[in-house]
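Undergrad: Quick one: structure below, then a few questions.
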Amino acid sequence: MHAYTDKLPEFVDVLRTMMDTIMTNTVLVGQVPAPTFEEQARVDLFLERLSEFGVDECTTDGFFNPIGILQGSSRSQPPIFVVAHMDSPFGKEVDHHYTVGKNTITGAGVLDNALGVGVLLSLPEIFRKLDLRFESDIILAGVIQSIGKGNLRGIRHLLKSWSTPIRGAVCVESGELGRLNYYSDGMIRCEITCHVDPAQERSQRFFPNAILILNEVINQIMALRLPLKPRTKIIFGTIQGGLKHGQIAHEATLGLEIRSDADTMVKEIYGDIRDIVNGLRHEYEVELILERVSNQRAASLRYNHPLVKAVLGIMKTLGLEPFSEPSESELSIFLSRQIPAVTLGITRGEGYQQTDATMQIEPMFKGIAQILGTIMAIDAGACDG
Amino acid sequence: MNRTWIKTNTFHHKDFCDLNHLVALKRRKGLKISLCLPTLNEEKTIAKEIVIFKSELMSRHPLLDEIVVVDSGSTDDTRDIARTYGADVYRAADILPHLPPYTGKGENLWRALYVTQGDIIVYLDADIKNIHHRFAYGLIGPLLVNDHIKYTKAFYDRPIASVDKTIRPTGGGRVTELVIRPLFSLFFPELTQILQPLSGEYAGFREVFEQLPFPIGYGVETSMILDIYEKWGLDIMAQVDLEKRIHRNQDTKALGKMAFAILKTFINRKISLGMIDLKEELHDEMIQYRLVKGAIEPDIVQIKGVERPPIIELPEYRAKYHPPGAAR
């Protein structure tokens, strides 16, 4: 047992007594819509709440990522980052009012990432209540423009402009409790849009259909040979198009991701898809556009890295079953800069991307305790090797 | 007529956001503050209200001493959920159980006076979707900061288009603008300065509430304003801008019933003040019509306009809150 695991079960009990404050932060944050690129109102609330919780240094960086700094006791130790993305997949037109049930909170974005931000806001009070002090400064950073087309711009800018070394980082996601992400795949996320000029319809007997052209794109991508090593896959994630049943579709869009644990393979496959798109554009004489929405590089910690081992120990102490998969979150940006980091989930829930996403309240206490344990582990030197 | 009240007695919740200052004032004055939430089937919103008030105004800033839910007999999980999150929960009928029970918000507010401990009582509706602790501290603030203010009332942004096509937050809801404001303009022009007399959120000192009769239903807000105005004048009242309030919208028929109850309360007050004299009794039935399978049928609801007397007239209340020999 380490000093940072000894007290974790006790922490869980104390955290339960702070339920109202943690839930309040989650609800107040989550009820402010923050679609990517429009996070300002949530940023303002974040800074206001941090200031109310007695955080002396509340500011924004040059990119308007909100940051709170809790001073550590040592001037020589680099800071520890705790980050949560501020943006949510839901637009302002969606009802963001949450419902608190007996054991749950329901509402748009509660699992992506209102709880994560709510916990971040609660940390100063939690540290105070548990009398936790750290050698390192703790940087509480809400990062904007993270998901989807945000392409992790917030965290990229924050780390690019941070001039001093960083000791380690914890990326906080609302769920799923038990996730331990310590590696990220290389990834390119792209959209293929087909637009057919309606003016051509009258002049051509065999007028091209945007949906059928995308279907041809899919068929040709499916014919690509993907290697088993390096592990590589293409995920077709979204498709939309057309107006009504009896009318040829003039517009259609396909969203897909290329993932691999080798960056070169991602680039190679992307090049193949670009060739497919170019070929079909000429063949059908339509507007067929491939757009890169976001990308990240493959990076990872070793399974036996002291930080990973420490988190596994923390999870074991708390009776949590860890599971790992590649993460497309802020983690990849930390790792690509050789900053040891993990992503952890706080609770369990369902309907993650739905407007009625529902999080369970009780599991979050262990979820928060694991984050405290991880910060303590980093402060005790888990990333210093 | 006092036309300056709207300037001197209108506040914004931000005027009172220094919660440590409010807590210090409360302690210095030796006051207790109760938050009362009257409910009827509010399982979707009640927990959020309790959690936020407990966190912000009890745990972090001890401004409230208790949160009391008085329920009209919900058939959903309102009471159970409220209890789970630590509120003191009562069925209205179980408070002063020897009195005949009535169902209505006013009844809950009146009975709450018997179970709450506060010198100041904050009444908030339990169906506010965008609840925030400003709803309570905004109403409490003027009562603690200004010695002469004994009653505060909320008003909100209700965007209405003005002549110059800009949107201005001013007026009240439909019943306010179509019923109350014309009545106030006709009989009590000073009271038109109260922007939203029907808002369901208000706070005041027990010494005020205990001396007021409470209509059991919708008329309670109107009667409260008229009675306070009559007894103590406009100056002990204040109104506070709480910005936006999001809640369930009511259909026109429901608003019709609300208007009926309010009109009845208003006319009864006029009679008791000797301002008008009716040749016959007011009727108790609100008659609306509906179309059922092509036929027009009346939809009749009894709205009797029952009122509870000032609770200070109850011996058991006086024994509890003003025992003989206790200083007042």
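Undergrad: The stretch B:82-126: which residues show an accessible-area loss of 20 Å² or more, assembly versus chain alone, 1.4 Å probe?
TA: Those are B:Thr84, B:Tyr85, which lose 20 Å² or more relative to the chain on its own.
Undergrad: For the stretch A:73-105, list whatever residues lose no less than 30 Å² of accessible surface once every protein chain is in place, relative to that chain by itself, with the probe at 1.4 Å.
TA: A:His97, A:Thr99, A:Val100, A:Lys102
Undergrad: Which order do B:Ile312, B:Ile81 take when ranked by solvent-accessible area (1.4 Å probe, heavy atoms of all protein chains), largest first?
TA: In descending accessible area the options line up as B:Ile312, B:Ile81.
Undergrad: Just to verify a number: what accessible area does A:Val55 come out at with the full protein assembly present, 1.4 Å probe, Å² rounded to tens?
TA: Accessible area, nearest 10 Å²: 10 Å².
Undergrad: Which whole-number percent is the relative contact order of the stretch A:154-295 (Cα, under 8 Å, 6+ apart)?
TA: For the stretch A:154-295, the relative contact order is 35 percent.
Undergrad: Grab the Cα-Cα distance for A:Tyr352 and A:Gln338, subtract it from 0.36 nm times how many residues apart they are, and report the gain in nm with one decimal.
TA: Here the segment from A:Tyr352 to A:Gln338 would lengthen by 2.0 nm.
Undergrad: Using the charge dipole of chain A (Lys, Arg: +1 at Cβ; Asp, Glu: -1 at Cβ; taken about the Cα centre), state which of A:Ser184, A:Gly107, A:Ile289 has its Cα farthest towards the positive end.
TA: A:Ser184
Undergrad: Could you run the numbers on buried accessible area between A and B, total for both chains, 1.4 angstrom probe, in Å² to the nearest 100?
TA: Summing both chains' loss of accessible area gives about 1700 Å².
Undergrad: Also: Tell me, which residues of the stretch B:23-62 get at least 30 Å² less accessible area when the other protein chains come in, versus the chain alone (1.4 Å probe)?
TA: SASA drop of 30 Å² or more in the stretch B:23-62: B:Lys44, B:Lys48, B:Val51, B:Ile52, B:Ser55, B:Glu56, B:Arg60.
Undergrad: Using a simple spin-label model with points 7 Å from Cα along the Cα→Cβ vector, what separation in nm is obtained for B:Ile300 and A:His2?
TA: 7.9 nm
Undergrad: How large is the translational diffusion coefficient of the stretch A:186-296 in µm² per second when you combine the Kirkwood radius over alpha carbon pairs with Stokes-Einstein at 20 °C and 1.002 mPa s?
TA: The Stokes-Einstein estimate is 146 µm²/s.
Undergrad: I want to check the label-to-label distance for A:Asp197 and B:Asp94. Put each point 7 Å from Cα in the C-beta direction and report it in nm to one decimal.
TA: Label-label distance for A:Asp197 and B:Asp94, simple model: 7.6 nm.
Undergrad: Taking every alpha carbon pair in chain A, what does the distance histogram look like in 20 angstrom bins from 0, in percent?
TA: Distribution as computed: 27, 52, 19, 2 percent.
Undergrad: Something else now. For the stretch A:101-184, rounded, prolate or oblate, judged on the Cα gyration tensor with a ≥ b ≥ c (square roots of eigenvalues), a/c < 1.5 rounded, else prolate if a/b > b/c?
TA: Oblate is the answer for the stretch A:101-184, as a/c is 1.5 or above yet b/c matches or exceeds a/b.
Undergrad: Please give the charge dipole size of the stretch B:5-247, origin at the Cα centre, charges +1 on K and R Cβ atoms and -1 on D and E Cβ atoms. Round to the nearest 20 debye.
TA: Around 500 debye, computed over the stretch B:5-247.
Undergrad: Using a 1.4 Å probe and ignoring any ligands, DNA or RNA, find the accessible area of A:Tyr352 and quote it in Å² to the nearest 10.
TA: 60 Å²
Undergrad: State, as an integer percentage, the relative contact order of chain A based on alpha-carbon contacts under 8 Å between residues 6 or more apart.
TA: 24 percent
Undergrad: Further question on the same structure: Would you please state which residues of the stretch B:175-193 a label at B:Met1 would reach in this model, taking the label point 7 Å out along Cα→Cβ and a backbone N cut-off of under 15 Å?
TA: Correct set: B:181-193.
Undergrad: Give me the percent of the accessible area of the protein assembly as shown that comes from carbon and sulfur atoms, probe 1.4 Å, all protein chains in place.
TA: 51 percent
Undergrad: Provide, as a two-decimal number, the C-alpha radius of gyration of the protein assembly as shown over 2.2 N^0.38 Å, N being how many residues it has.
TA: 1.15
Undergrad: Just to confirm, what accessible area per residue do you get for the stretch A:186-296 at 1.4 Å probe, in whole Å²?
TA: 59 Å²
Undergrad: Now for a separate question. Given the rule -39500 (n - 2.57) for each run of at least 4 DSSP H residues, summed and divided by the residues of chain B, what is its mean residue ellipticity at 222 nm, to the nearest 500 deg cm²/dmol?
TA: -9500 deg cm²/dmol
Undergrad: Can I ask one more? Could you do me a favour and compute the accessible area per residue for the stretch B:5-247, 1.4 Å probe, result in Å²?
TA: 37 Å²
Undergrad: Here's another thing I want to ask about it. Among B:Ile52, B:Ala82, B:His21, flag the residue with its Cα farthest along the positive direction of the charge dipole of the stretch B:1-107, charges on Cβ as +1 for Lys/Arg and -1 for Asp/Glu.
TA: Positive-most Cα among the choices belongs to B:His21.
Undergrad: Can you compute the FRET efficiency between B:Met275 and A:Asn103 using 1/(1 + (r/R0)^6), with r the Cβ-Cβ distance and R0 = 56 Å? Round to the nearest 0.05.
TA: For R0 = 56 Å, the calculated efficiency reads 0.55.
Undergrad: Follow-up question, since we're still on this one. Classify the stretch A:10-85 from the C-alpha gyration tensor, please: rounded if a/c falls under 1.5, else prolate or oblate depending on whether a/b exceeds b/c.
TA: The shape class here is oblate.
Undergrad: Something else: Using the beta-carbon distance between B:Val292 and B:Ile267 and R0 = 41 Å, what value does 1/(1 + (r/R0)^6) give for FRET efficiency, to the nearest 0.05?
TA: 0.80
Undergrad: Express the relative contact order of the stretch B:5-247 as a whole percentage, based on alpha carbon pairs under 8 Å and six or more residues apart in sequence.
TA: Worked out over the stretch B:5-247, it gives 27 percent.
Undergrad: Could you rank A:His282, A:His250, B:His21, A:His245 by how accessible they are, 1.4 Å probe, largest area first?
TA: So, going from the largest accessible area down, we get A:His245, A:His282, B:His21, A:His250.
Undergrad: Three principal axis extents, largest first, for the C-alpha atoms of the stretch A:73-124, in Å?
TA: For the stretch A:73-124, the Cα spread along each principal axis is 47, 27, 12 Å.
Undergrad: Taking the Cα centre of the protein assembly as shown as origin, work out the dipole magnitude from +1 charges on Lys and Arg Cβ and -1 charges on Asp and Glu Cβ, in debye rounded to 20.
TA: 520 debye
Undergrad: Per residue, what accessible area does the stretch B:257-328 have, given a 1.4 Å probe and all protein chains present, in Å²?
TA: I get 68 Å² per residue for the stretch B:257-328.
Undergrad: While we're looking at this one, here's another question. Report the charge-dipole magnitude of the stretch B:1-142 in Debye, nearest 20, computed about the Cα centre from +1 at each Lys and Arg Cβ and -1 at each Asp and Glu Cβ.
TA: So the dipole magnitude of the stretch B:1-142 works out to roughly 720 debye.
Undergrad: First check a/c for the stretch B:5-247, with a ≥ b ≥ c the square roots of the eigenvalues of its C-alpha gyration tensor; if it is under 1.5, answer rounded, and if not, answer prolate when a/b is larger than b/c or oblate otherwise.
TA: The shape class here is rounded.
Undergrad: Work out, in µm²/s and without decimals, the Stokes-Einstein translational diffusion coefficient of the stretch A:87-233 at 10 °C, 1.306 mPa s, Rh from Kirkwood over C-alpha pairs.
TA: D = 77 µm²/s.
Undergrad: Next question, about the same structure. With each pseudo-label sitting 7 Å past Cα toward Cβ, what's the A:Lys129-A:Glu321 distance in nm, one decimal?
TA: 2.9 nm
Undergrad: Give the ranking of A:Thr106, A:Thr355 by solvent-accessible surface, highest area first, calculated with a 1.4 Å probe.
TA: Highest to lowest solvent-accessible surface, that is A:Thr355, A:Thr106.
Undergrad: Right, here's the next one. A:Glu285 to A:Thr60: FRET efficiency via 1/(1 + (r/R0)^6), r the Cβ-Cβ distance, R0 51 Å, to the nearest 0.05?
TA: 0.60
Undergrad: For B:Lys264, go through the lysines and keep the ones whose alpha-carbon is under 27 Å away, minus same-chain ones fewer than eight residues off.
TA: B:Lys105, B:Lys150, B:Lys153, B:Lys231, B:Lys253, B:Lys279, B:Lys304
The values are calculated or read from the model by the stated rules, or taken from the named source; none is laboratory data. Because the structure is a prediction, the values reported are computed rather than measured. Please note: Cβ atoms are built from the backbone with ideal geometry, for glycine as well, and neighbour counts cover all protein chains shown. Quick note on the areas: whole protein, heavy atoms, side chains included, nothing else; ligands and nucleic acids left out. Shrake-Rupley method; radii C 1.70, N 1.55, O 1.52, S 1.80 Å.
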